[in-house]
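To start, the structure itself, in structure tokens.
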Amino acid sequence: MPSIPMNQAIREALHEEMARDSSIFVLGEDVIAHGGPYAVTRGIAEQFPDRIRQTPISEAAIVGTAVGAALCGLRPVAEIMYVDFITCAMDEVVNQMAKVRYMFGGQTDVPVILRLPSGSARLIAAQHSQSLEAWFMHVPGLQVAVPSTPRDAKGLMKSALRGRDPVMFIEYKRLYSVKGEVPDTEYVIPFGQADVKRQGEDITVVASGPMVGKALEAARILSAEGIELEVIDPRTLVPLDTDTIFSSVEKTNRAIITDEEVRRGGSSAELASRIAEECFDYLDAPVRRVAAADVPMPFSPVLEKLAVPSVEKLLAAARDLVA
Amino acid sequence: MGIKGPTTEQLLDMYAAMWRIRLFEEQAEYQSGQGKVLGALHTYIGQEAVGVGICAHLTDADYITSTHRGHGHCISKGADVRRMMAELFGRVTGYCKGKGGSMHIADFAVGMLGANGIVAGGFGLATGAGLAAQVRESGQVAVCFFGDGAVNRGPFHENINLGAVWRLPVVYVCENNQYAQWTPQEEITLVTDVASMSSAYGIPGAQVDGMDVLSVYQAAGEAVDRARRGEGPTLLECKTYRFHGHNFGDPQQYRTKEEISDWSGQHDPIQGLGDHLQREGVLTAEEAESIRNSVQEEIAGAVRFADESPYPGPEELTRDVFSTPVA
Ligand SMILES: Cc1ncc(C[n+]2csc(CCOP(=O)(O)OP(=O)(O)O)c2C)c(N)n1
Ligand SMILES: [Mg+2]
């Protein structure tokens, strides 16, 4: 299997599906020049010149026109340069895109994908480093995908491109350049299927995005101490594969939820309460969360390091749980 | 109705201020290459005449809002280059204790309400500053700096209309450097003369050569006076050009080397003012050199100050989220 970085994996999914489905249309700021800041859409203009457009700095118009075009036969994939700028299009996301199907009694599909570079990277501070999964999860009608590997990113993007509902596709900027093996044969990864990244008996760690890699690193370290983590990546937060998560907790009797969102009201809060509700009888200890500090992302490297959840924090939480 | 000035003293101040911006930015790029300046860096090199020509009409009591390309606005408004450089270095002595960085410098003491990582993020803040000045009858003016790219976001329309209908003391200053990141203006905006959009809001519009600080000074004087007289906003467009990439490290595949060297060779705002002052007999070549040198020393001092400053301590992580900490 070839090993490629995540930005290339997403690019391949777009290319392959655009060749299959002529209704797929790409739009966003600077998506032709350089293929966007992370080069995800590079090369599409050469291969599909009529199916990619570079937009003005107009996030509300980008999302709004994507929704309108989706109602009328296109399958738009819009890049919002940084997820932080989705704030500029929240009416279009929350009141239009998410609600159109239900509000109109199921008359229409809304196949829009919003690609959302997220998380901390390169010290770009408070307005360019956020993780907003929980906001999107809170709006009925939005699916939320959070790939952690190139393989998952490609397979999930392919599913998204064949689906009928809006997808908030969270792309962690720090993961774009991380390589991983991707099958060279056709595959898709369905939404709502968690992946058990590592099996273990002692603690279930539900990790998403960049925390998957950190959880696996913590697992290696703890294994030497005789603590075995089971690392589960939900891959999509909506829909959520509760079966896989709950049966793991029933086995390990302990759970840690970890992601890079700020902790208060983060997706970890939803997952933790679902586990508390459904697995109460199986839990030997309270569910723990390891997430970002409840602060806007600070610029200085010494502070950013403290704000973002670390392997050390995971180790401490795990040791504490089995103590 | 002509604008008086600038006086000789103001001219020399403007000349020094433009050098201060230029050399600060050059040093910031150098220090970024050295790994000392961290994060994204968008320099103001080439656009110095705009910030300087406009802020020459403002006092510390007046307000400005800024953009991701904000260092020039800070310096024009009188911010201290030492605390600016320390902020770029992520140090606790920086304007924002190292929490903001290059894209988020603010100095409320001199009326600089903050650089902004969100394109068009400043429109509301400037319009609100104008509202506060009007309600308090303080005579203050607010200037909103924004790029040609920001024109295509909703806040441009909503705030200029509001400023116009309430006759707020605001000057909306478009720095039209003809590119939004990597995209040429004409690919994303049919009306490339932004000043002409003023007619949509019923306010005056003016367009000036943003590479000529004296033209900027004249036009800004009229707009600021009008705002102070209570007659409402002006949309002032300064045609300009950034000599360096969108950010430090930008390979600039979207424009030609010839275009860049035409602008930097023939329209350099600092050289333009320097030549003018020498022709007028206000400044000798030696005096020009000595102004540049003393600014150079000031910037070197700023780097030393930044480099010797400590990083913020861990207690700063959760401080300043609220006025008093909450659980
Ligand atoms: C709402 C929003 N969308 C996109 C961006 C990314 N971005 C930062 S600067 C920039 C270009 C801005 O162009 P312009 O307003 O002309 O300012 P200039 O860089 O030319 O000074 C873009 C697209 C952003 N920061 N905020
Ligand atoms: Mg511009």
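So how do A:R51, B:R242 rank on accessible area, 1.4 Å probe, biggest first, that is with the largest at the start? Can you show the working numbers first?
On the way: A:R51 45, B:R242 0 Å².
Sorted by accessible area, descending: A:R51, B:R242.
So how do B:107-119, A:147-159, B:33-45 stack up, highest first, on mean other-Cβ count within 10 Å? Let's see the in-between values first.
Details: B:107-119: 21.0, A:147-159: 24.8, B:33-45: 19.5.
Ranked from most to least packed, the peptides come out as A:147-159, B:107-119, B:33-45.
Stretch B:S196-B:K4 to full length: gain in nm at 0.36 nm per residue minus the Cα-Cα span?
Numbers: separation 192, 0.36 × 192 = 69.12 nm, distance 2.60 nm.
Extending this stretch completely gives an extra 66.5 nm.
Across bins of 5 angstrom width beginning at 0, how are the C-alpha pair distances of segment B:250-327 distributed, in whole percent?
3, 10, 10, 10, 10, 11, 12, 9, 8, 8, 5, 2, 0
What does the structure give for B:39-49 when I average, per residue, the other chain Cβ atoms found within 10 Å of the residue Cβ?
Values: counts 10, 5, 0, 0, 0, 0, 0, 0, 0, 0, 0.
So the per-residue partner count for this stretch is 1.
Treat segment B:1-151 as a sphere of radius equal to its Kirkwood radius over Cα pairs and apply Stokes-Einstein at 4 °C in a medium of 1.567 mPa s; give the translational diffusion coefficient in µm²/s, rounded to a whole number.
Details: Rh = 15.7 Å.
Value of D from the Cα-based Kirkwood radius: 83 µm²/s.
For a quick protection proxy, order the peptides A:29-39, A:199-209, B:284-294 by their average other-Cβ count within 10 Å, most packed first. Provide the component values of the computation, followed by the final result.
On the way: A:29-39: 20.9, A:199-209: 24.5, B:284-294: 13.3.
The packing order, highest mean first, is A:199-209, A:29-39, B:284-294.
Please list the non-local residues whose amide H lies under 5 Å from the amide H of B:Q207, H modeled 1.01 Å from N, same-chain partners needing a gap of 5 or more.
Residues meeting the amide H criterion: B:E237.
Which entries of A:K158/A:K214; B:K97/B:K257; B:K77/B:K239; A:K154/A:K214; A:K197/B:K36; B:K97/B:K239 show an alpha-carbon separation above 30 angstrom in the structure shown?
Numbers: A:K158/A:K214 26 Å; B:K97/B:K257 38 Å; B:K77/B:K239 20 Å; A:K154/A:K214 21 Å; A:K197/B:K36 38 Å; B:K97/B:K239 35 Å.
Cα-Cα > 30 Å for B:K97/B:K257; A:K197/B:K36; B:K97/B:K239; rest within.
Please list, in order, the residues from segment B:47-71 whose amide nitrogen is less than 14 Å from a point placed 7 Å along the Cα→Cβ vector of B:D13.
B:52-62
Please give the net charge around B:T256, taking every other residue with its beta carbon less than 15 angstrom from that of B:T256, where Lys and Arg add +1 and Asp and Glu add -1. It would help to have the intermediate numbers written out before the result.
Working: positive: B:R242, B:R255, B:K257; negative: B:D250, B:E258, B:E259, B:D262.
Net local charge, B:T256 excluded: -1.
With just the Cα atoms defining each centre, how far is segment A:1-52 from segment B:115-167? Give it in Å.
37 Å
In deg cm²/dmol and to the nearest 500, what is the mean residue ellipticity at 222 nm of chain A if only DSSP H runs of at least 4 residues count, each as -39500 (n - 2.57), divided by the residue total?
Numbers: 11 runs with 110 residues, N = 323.
Calculated from helices alone, the mean residue ellipticity at 222 nm is -10000 deg cm²/dmol.
Quantify how strongly other chains surround peptide A:51-59 by giving the mean number of their Cβ atoms within 10 Å of each of its Cβ atoms. The partial results should precede the final answer.
Numbers: counts 0, 0, 0, 4, 4, 11, 14, 8, 6.
Counting Cβ atoms of other protein chains within 10 Å of each residue's Cβ and averaging gives 5.
Could you pull the Rg and Dmax for chain B, using just the Cα atoms, both in Å?
Gyration radius and largest Cα-Cα distance of chain B: 19.2, 65 Å.
So how tilted is helix A:267-278 from the main axis of chain A? Cα-based, degrees 0 to 90, rounded to 10.
60 degrees
So how strong a dipole does chain A carry about its Cα centre when Lys and Arg Cβ are +1 and Asp and Glu Cβ are -1, to the nearest 20 debye? Please list the in-between numbers first.
Values: 33 positive and 44 negative charges, 104 e Å.
In total the dipole reaches around 500 debye.
Nearest 10 degrees is fine. How inclined is helix A:6-20 to the longest principal axis of chain A, computing both from alpha carbons?
Between the helix axis and the principal axis of chain A, the angle is about 40 degrees.
For segment B:8-309, with the dipole built from +1 on Lys and Arg beta-carbon atoms and -1 on Asp and Glu ones, taken about the Cα centre, which of B:T189, B:H267, B:L162 lies farthest toward the positive end?
The residue sitting farthest along the positive end of the dipole is B:L162.
Can you give me the distance in nm between label points at A:R122 and B:N293, each placed 7 Å from the Cα along the Cα-to-Cβ direction?
It is 4.0 nm.
Could you work out, residue by residue across B:310-317, how many beta carbons of other chains sit within 10 Å of that residue's beta carbon, and then give the average as an integer? Please list the in-between numbers first.
Details: counts 1, 4, 6, 2, 4, 0, 6, 11.
Partner-chain Cβ atoms within 10 Å, mean over residues of B:310-317: 4.
To the nearest 20 Debye, how big is the dipole of the protein assembly as shown about its Cα centre, given +1 on the beta carbon of each Lys and Arg and -1 on that of each Asp and Glu?
Working: 58 positive and 85 negative charges, 142 e Å.
Taking the Cα centre of the protein assembly as shown as origin, the dipole is about 680 debye.
Specify the angular offset, from 0 to 90 degrees and rounded to the nearest 10, of the alpha carbon long axis of helix A:59-71 from the longest principal axis of the alpha carbons in chain A.
80 degrees
How many angstrom separate the Cα center of segment B:243-301 from the Cα center of segment A:91-111?
Each part's Cα centre sits 53 Å from the other's.
Estimate the FRET efficiency between A:A269 and B:A285 by the formula 1/(1 + (r/R0)^6), using the beta-carbon distance for r and 60 Å for R0, to the nearest 0.05. Could the numbers behind the result be given before it?
Values: r = 67 Å, r/R0 = 1.12.
For R0 = 60 Å, the calculated efficiency reads 0.35.
The values are calculated or read from the model by the stated rules, or taken from the named source; none is laboratory data. Given the structure is predicted, the values throughout are model-derived calculations rather than measurements. Backbone-built Cβ (ideal geometry, glycine too); neighbour counts: all protein chains shown. Please note that ligands, DNA and RNA were not included when accessible areas were found on the heavy atoms of the full protein model with its side chains. Shrake-Rupley method; radii C 1.70, N 1.55, O 1.52, S 1.80 Å.
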